[in-house]
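What follows draws every value from the coordinates through simple rules; no lab data is involved. Keep in mind that what you see is a predicted model, and the values were worked out from it rather than measured. Cβ sites come from the backbone with ideal geometry, for glycine too, and all protein chains shown count toward neighbours.
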Amino acid sequence: MSGTNTALASVQEAQETSANEAFLNDVLSGLTQPQKKLSSKYFYDETGDSLFQQIMRCEDYYLTRCEMEVFRESAADLLSALDIHQQEFDLIELGAGDGVKTRHMLRYLSEEGADFRYLPVDISAHILKVLCEGIQQNLTGVKIQPFEGDYFDALSRIDDYSERRKVLLFLGSNIGNMPVEDCQTFCIKLAEHMNPGDVLITGFDLKKDPRTILRAYDDSDGLTRDFNLNLLRRINNELGADFDLNGFEHYQTYNPLNGACQSFLISQREQNIRIAGQVISFEQHEPVFMEVSRKFSLSDIDDLATTTGFIPVKHCSDSKGWFVNAVWTKK
Ligand code: AVI
């Protein structure tokens, strides 16, 4: 190994160690609170990614199909707040993943001859590589520049890289996984990286028949159950804990008053779990809060825009009216 490679390997090792320490700290602090919780941001290891792919394809989980329809049918409408022929711009996608929905928009922009670059942002270098190869093969004219890292770190680097107008995409109802206060702060922070007239397009899952929502998160194939339990498996594998996965059951609730769809793991018996030398005791029926997936009304969405530095422009919905991509401009 050359000197440079050795240095890179030790930087990578240091990053992995600090990520592992942060994971352990978050797990211990969540499980030692009076109301136990774990953070859903840790759902996505390799098995979690694959389970989430299966969830997105399953019949009961309607969100992905609805948003795909919006992008397939309404790309022009989504971009009507911006004169795409007037000036060059950057299309920035936060948490781009495989970029499948966005391809409809990229195709539309290419056909229209718009002068734009696609800047996908993702924490996973692997998924960015797959995404770039897919775009280069299928949409040859599209200029693409990936940014690896967390959203705000990448946005700061993009600010240095380009002064073009921005169209920001934040899709998939990821905004619904944030508690109310975090969601406000997140939008305010996004606005700080935008100039007046720049566009933000966000995916929101709408309030609807509570049974339809509950089914999406309590699917008949048990994928969402496995998705939640996989976090216990991950804690066992990466932090050396001894969770018995049969000792916990997935339980989902939806509150139509505030739109909070919440998942829990319920301890099936009194039990002690050892994590990094610390013993965590669970009572029988004690819940561990895992994730919130918030559902919105159209007025909730507009209020969020106006209180965080944006002007609500339009709602582009699927034909069932279950999901909305909201278009806002920076004030
Ligand atoms: C990533 N996120 C938008 C999904 C959701 O719908 O809240 C995560 C998910 N959790 C269970 N199923 C899907």
Rounded, prolate or oblate, given the Cα gyration tensor of the stretch 1-136, with a/c below 1.5 counting as rounded?
oblate
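Determine by what factor the alpha-carbon radius of gyration of the stretch 55-105 differs from 2.2 N^0.38 Å, reporting the quotient.
Output field value: 1.34.
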Rank 135, 158, 273 by mean-square fluctuation in a GNM of the chain with C-alpha springs under 10 angstrom and give only the top-ranked residue.
273
Angle in degrees between helix 100-112 and the longest Cα principal axis of the chain, rounded to the nearest 10:
10
Suppose each label sits 7 Å from its Cα in the direction of the beta carbon; what would the residue 153-residue 236 distance come out to in nanometres?
3.1
Ordered by residue, what ³J(HN,Hα) values in Hz, to whole numbers, does the stretch 254-261 give under the Karplus form 6.51 cos²θ - 1.76 cosθ + 1.60, where θ = phi - 60° and Gly and Pro are x?
9, 10, x, 5, 10, x, 8, 9
Placing each pseudo-label 7 Å from Cα in the direction of the beta carbon, residue 76 and residue 6 end up separated by a distance in nanometres of 6.2
Hey, what angle do you get for helix 46-57 against the long axis of the chain, alpha-carbon based, 0 to 90 degrees rounded to 10?
60
In the chain, what percentage of the DSSP-assigned beta bridges are antiparallel, given to the nearest 5?
60
First select every other residue whose beta carbon is under 9 angstrom from the beta carbon of residue 58; then total the charges, Lys and Arg +1, Asp and Glu -1.
-3
For the table 36/129; 101/295; 101/208; 208/330; 36/101, the rows whose alpha-carbon distance is greater than 26 Å are 36/129; 208/330; 36/101
Which Cα, out of 9, 22, 298, lies furthest along the positive dipole direction of the chain (beta carbon charges, K/R +1, D/E -1)?
298
Between residue 14 and residue 300, how many nm apart are label points set 7 Å from Cα along the C-beta direction?
4.3
Would you work out which of 261, 183, 313 lies farthest towards the positive end of the dipole of the chain, given +1 charges on the beta-carbon of Lys and Arg and -1 on that of Asp and Glu, about the Cα centre?
313
Kirkwood Rh, the chain, all Cα pairs: how many Å?
21.4
Dipole magnitude of the chain, debye to nearest 20 (Cβ charges: Lys/Arg +1, Asp/Glu -1, about Cα centre)
520
Within the chain, helix-based [θ] at 222 nm, where runs of 4 or more DSSP H residues each add -39,500 (n - 2.57), nearest 500:
-13500 deg cm²/dmol
Helix 3-31 versus the longest principal axis of the chain: what angle, 0 to 90°, nearest 10, using Cα atoms?
60
Out of residues 5 or more away from residue 260 or on other chains, whose amide H comes under 5 Å of its own, with H placed 1.01 Å from N in the peptide plane?
255, 295
Given H placed 1.01 Å from N in the peptide plane, which residues other than close sequence neighbours of residue 124 have an amide H under 5 Å from its amide H?
149
If you average the sequence gap of Cα pairs under 8 Å that are 6 or more apart and divide by the length of the chain, what percent do you get for the contact order?
21
Once you list every other residue whose beta carbon is under 9 Å from the beta carbon of residue 84, what net charge do they have if Lys and Arg are +1 and Asp and Glu are -1?
-3
At a threshold of 8 angstrom on Cα-Cα distance, excluding pairs fewer than six apart, so keeping six or more, what relative contact order does the stretch 208-331 reach in percent?
17
Loop-located GluC sites (Glu not before Pro) in the stretch 63-114, at most 15 other Cβ atoms within 10 Å (DSSP)
88
Karplus-derived 3J(HN,Hα), 6.51/-1.76/1.60, for each residue of the stretch 173-186, Hz, glycine and proline x:
6, 4, 4, x, 7, 9, x, 3, 5, 5, 5, 4, 4, 4
If you wrap a convex hull around the alpha carbons of the stretch 225-331, what volume per residue comes out, as a whole number of Å³?
161
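How long is the gain from residue 32 to residue 258 if the chain were fully straight, where each residue apart is worth 0.36 nm and the alpha carbon distance is subtracted?
78.7 nm
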Applied in sequence order to the stretch 214-220, the curve 6.51 cos²θ - 1.76 cosθ + 1.60 (Karplus, θ = phi - 60°) yields integer Hz couplings, x standing for Gly and Pro, of 4, 4, 5, 10, 9, 5, 5
Tell me, what does the Kirkwood hydrodynamic radius of the stretch 73-232 come to in angstroms if you use every pair of distinct C-alpha atoms?
17.3
